[in-house]
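Structure record follows, encoded as structure tokens.
The values are calculated or read from the model by the stated rules, or taken from the named source; none is laboratory data. Bear in mind that the values here come from a model prediction, so they are computed numbers and not experimental data. Note that we place each Cβ from the backbone using ideal geometry, even for glycine, and neighbour counts take in every protein chain shown.
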Amino acid sequence: MRLHAGCELLFETQESAPLILMLQPQEGAAQRILQASLQVNPQVPTLDYVDSYGNLCQRLMAPPGHLRVRSTITAQVAHHIDVQFGAGFVPVQDLPNATLPFLLPSRYCQSDLMADLAHAITADIEPAYDQVEAIRHWIHTHIEYRYDTSDASTSALDTEKTRVGVCRDFVHLGIALCRSLTIPARMVVGYLYDLKPMDLHAWFEAYVGHRWYTFDATQPEPRGDRIIIAYGRDAADVALATQYGPLQLTEMEVWVKAVS
């Protein structure tokens with residue numbers, strides 16, 4: 001499917017403030033980028049760089065007053081995500097170097113404290129894809145999706161206790177449970193077609209069977225039609241806008257449309 005997606009952000013500040021944006025996608029196996037643009041009004045110099053996870057970022061100084069950022073993307077994406085029950089566990093010694101950071105506990109994913117729950121969920125299930133799918137299904141059926149129940153400090157442990165959250169919280173819990181089973185897992189942020197209500201979305205990928213597979217605990221069944229913007233260990237790595245100083249995000253609009 002061909003998707004046209006984008007978002008518009010409005011910032012306000014009383015004085016110049018540094019801003020880092022992560023809104024532009026990279027070409028990859030899961031998507032072919034046909035068009036991508038980033039408009040900043042008023043125009044200010046921007047510096048592109050690629051972070052340690054391969055995400056494309058822009059650095060700029062927001063001037064005093066209003067700053068409007070508009071990002072648009074047209075991409076060819078798969079209508080279905082790959083599903084491979086039985087995909088096997090990859091021993092640590094055989095993992096690619098780039099996957100190793102996604103085995104470690106991180107700020108929002110305390111995998112070193114969640115092994116008991118992970119083993120309870122996956123008891124008598126063959127490693128490793130089937131275990132991850134069991135985790136995804138458990139989160140989908142045991143955690144209630146509800147707005148205004150978490151904040152920027154909410155971690156996987158918090159979500160397991162409260163049993164409520166949004167996509168970000170579902171992802172952190174899924175990642176922590178996978179890593180506790182020595183399965184690399186990473187956070188993905190981007191766009192999902194026909195998401196209701198429309199917003200930027202988050203899901204996770206797990207490395208099994210010598211490749212990354214997509215899992216989304218907010219959805220009842222596998223869905224494609226996604227545009228990936230960024231990857232990271234958790235939400236701390238994939239903030240779409242990171243501001244420093246007295247800079248406030250006051251408005252945000254997101255859209256995803258199918259195009260011929």
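With respect to Gln248, determine if the residue is in the same structural domain as Thr13 (by TED's automatic domain parsing) and crowded, with 17+ Cβ neighbours inside 10 Å. Spelling it out, it is not the case that Gln248 is in the same structural domain as Thr13 (by TED's automatic domain parsing) and crowded, with 17+ Cβ neighbours inside 10 Å. Scanning the stretch 138-182 for residues that are crowded, with 18+ Cβ neighbours inside 10 Å, in a helix (DSSP H, G or I) and among the polar types (S, T, N, Q) gives Thr159, Ser180. Restricting the stretch 1-51 to residues that are in a strand (DSSP E or B) and polar (S, T, N, Q), the residue that is nearest to Trp212 (Cα to Cα) is Gln31.
Within the stretch 209-218, the set of residues being part of a loop (DSSP other than H, G, I, E, B) and either at pLDDT below 95 or buried (at least 20 other Cβ atoms within 10 Å of the Cβ) (or both) comprises Asp216, Ala217, Thr218.
Please go through the stretch 26-45 and give me each residue that is modelled with pLDDT of 95 or more, within 26 Å of Leu247 (Cβ to Cβ) and under 21 Å from the mean Cα position of the chain (by Cα), ordered by number. Within the stretch 26-45, Ala36, Ser37, Leu38 qualify. Residues in the stretch 199-242 that are touching a Leu at 6+ places or on another chain (Cβ under 6 Å) and not hydrophobic (A, V, I, L, M, F, W, C): His201, Arg226.
Restricted to the stretch 64-79, and to residues there that are surrounded by 14 or more Cβ atoms within 10 Å (Cβ to Cβ) and over 30 Å from Ser260 (Cα atoms), the residue that is farthest from the chain's Cα centre (by Cα) is His66. Taking each residue of the stretch 245-260 that is in contact (Cβ under 8 Å) with a residue 40 or more places away in the chain and among the aromatic types (Phe, Trp, Tyr) and looking for partners that are part of a loop (DSSP other than H, G, I, E, B) and surrounded by 13 or more Cβ atoms within 10 Å (Cβ to Cβ) with beta-carbon atoms closer than 9 Å, six or more apart or interchain, yields Trp255/Met198.
Hey, does the stretch 99-108 have a residue that's under 30 Å from Asp130 (Cα atoms) and surrounded by fewer than 13 Cβ atoms within 10 Å (Cβ to Cβ)?
There is at least one residue in the stretch 99-108 that is under 30 Å from Asp130 (Cα atoms) and surrounded by fewer than 13 Cβ atoms within 10 Å (Cβ to Cβ).
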